[in-house]
Structure formats: structure tokens, C-alpha cells
Amino acid sequence: MFRIGLGHDTHRLGPGDGLVIGGVRIPHDHSAIGHSDADVLLHAITDALLGAAALGDIGELFPDTDPANKGRDSADMLRRAMDHVEKPGWRIVNLDCVIFAQRPKILPHRPAIRRRIAEILGIDEAAVWLKAKTGEGIGPIGEELAVAAECVALVERA
Ligand code: CDP
Ligand code: ZN
């Protein structure tokens with residue numbers, strides 16, 4: 001049996017010296033803003049997996065009103081979400097993701113990001129793909145007001 005899930009996330013950009021994307025720190029002249037480490041990609045992946053298993057969303061599992069979630073590592077949230085997904089027997093077939101960012105260039109960091117996501121989830125990095133798109137200079141992405149990410153996740157169980 002197969003199930004598919006979709007995850008989407010957006011974070012504002014503000015003053016800072018880098019972004020954390022897929023658990024990898026990328027030096028930049030801005031940072032993403034959020035109550036956690038603002039890792040837009042790990043948040044989208046978390047929601048895709050929870051959606052595939054019909055187990056809620058990241059905000060339900062880790063409410064931002066709970067002080068315990070302030071500054072929580074997104075890798076830790078993803079791992080905990082995956083524990084929920086694995087409990088009823090789901091395992092990941094593959095993830096396919098898109099980062100929406102005018103800058104910085106993401107592709108040079110793709111190998112490191114894929115490796116880190118695979119490590120967090122305990123899967124083969126061949127099961128993780130990542131693409132990037134600019135906003136063609138227009139809209140909140142293109143004007144560098146925000147970054148966003150999307151992920152589709154396929155899971156299966158016997
Ligand atoms: O060429 P097209 O309009 O389809 O895409 P684009 O958004 O102009 O991106 C051109 C190339 O830059 C693609 O190969 C993207 O994968 C890459 N890219 C990137 O590495 N980092 C970004 N933040 C945006 C795009
Ligand atoms: Zn987020």
C-alpha cells in the first residue's frame with residue numbers, strides 16, 4: 001500500500017548571516033526568520049511525511065505556543081515526526097523537494113543537504129532529491145522577502 005503527502009512552508013527573510021536549509025548552514029547576507037531555526041525545507045518535509053501518514057502537521061505536533069518548542073532544532077522535530085510515521089508501519093519510498101529562493105544558489109549545497117536529510121531519516125540519499133527555483137525577480141520570493149519550500153513524500157507499508 002502506498003500513500004503520498006505534500007508539504008509546503010514559507011519563512012520571511014530578515015537581517016542575518018545565513019540560512020539553514022535541510023539541516024545545512026548556508027552563508028548568506030540575510031537569514032530566515034522563525035521561532036525555530038527556520039529551516040523551511042525540513043519543515044516542508046515534516047509536513048509531507050505527516051500528511052502521507054494522515055498524522056497531523058508540524059504545528060499540531062510542535063505548537064509554537066509551547067515554550068519547549070522555542071528554538072527547537074528542526075532536525076529533532078523531523079525525527080520525532082518520523083517516529084510517529086514509522087509506528088503504524090510506514091517507510092519512506094522517496095522524497096522530492098523544491099526550494100524557492102532568489103538567492104543564494106542552492107545547487108552547490110545539494111549533495112550536503114541530501115546527505116543530511118538521509119542521515120536524519122535513516123534512508124538512502126538516493127531516495128532524496130532536491131531542486132531550486134528563483135522567483136524570476138518578482139513577488140515575495142523574487143524580491144527576497146521570503147524563501148519557501150515544497151516536498152512530496154511517498155511512503156509504503158506491507
Ligand atoms: O531556468 P529556470 O527559470 O527554470 O530556473 P531558475 O529559477 O532561473 O533557476 C536556474 C538554475 O539555478 C536552476 O538550475 C536552479 O536549480 C538553480 N537555482 C539554485 O541553485 N538556487 C536557487 N536559489 C535558485 C535556482
Ligand atoms: Zn517553517
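Just so it is clear, none of the values below were taken in a lab; they were calculated from the coordinates. From a predicted model like this one, the values you see are computed outputs, not experimental measurements. Please note: Cβ atoms are built from the backbone with ideal geometry, for glycine as well, and neighbour counts cover all protein chains shown.
Beta bridges from DSSP with both residues in the chain: antiparallel share about 80 percent, rounded to the nearest 5. Against the chain, whose longest principal axis comes from its Cα atoms, helix 110-121 is set at around 40 degrees.
Using C-alpha pairs under 8 Å with a sequence gap of at least 6, the mean separation divided by the residue count of the range 1-80 gives a relative contact order of 31 percent.
Other residues with beta-carbon under 10 Å from the beta-carbon of D9 carry, at +1 per Lys or Arg and -1 per Asp or Glu, a net charge of -3.
Note on D83 and E125: their simple-model spin labels are 2.6 nm apart, each label 7 Å out from Cα toward Cβ. Spin-label model, D64 to F2: label points 7 Å out along the Cα-to-beta-carbon direction sit 3.5 nm apart.
The slack between R103 and T134, meaning 0.36 nm per residue of separation minus the straight C-alpha distance, is 10.4 nm. In a fully extended conformation the segment linking R72 and R115 would gain 13.4 nm over its present Cα-Cα distance, using 0.36 nm per residue.
Per residue, the convex hull around the alpha carbon atoms of the chain comes to 101 Å³.
Give me the angle, in degrees from 0 to 90, between the Cα long axis of helix 74-86 and the longest principal axis of the Cα atoms of the chain, rounded to the nearest 10. Orientation of helix 74-86: about 20 degrees from the principal axis.
Inter-part distance, the range 52-111 to the range 12-45, computed on C-alpha centroids, equals 14 Å. 222 nm [θ] for the chain, helices only, -39500 (n - 2.57) per DSSP H run of 4+, per residue, to 500? Counting only the DSSP helices, I get -8500 deg cm²/dmol.
Compared with the dominant Cα axis of the chain, that is its longest principal axis, helix 40-52 is turned about 30°.
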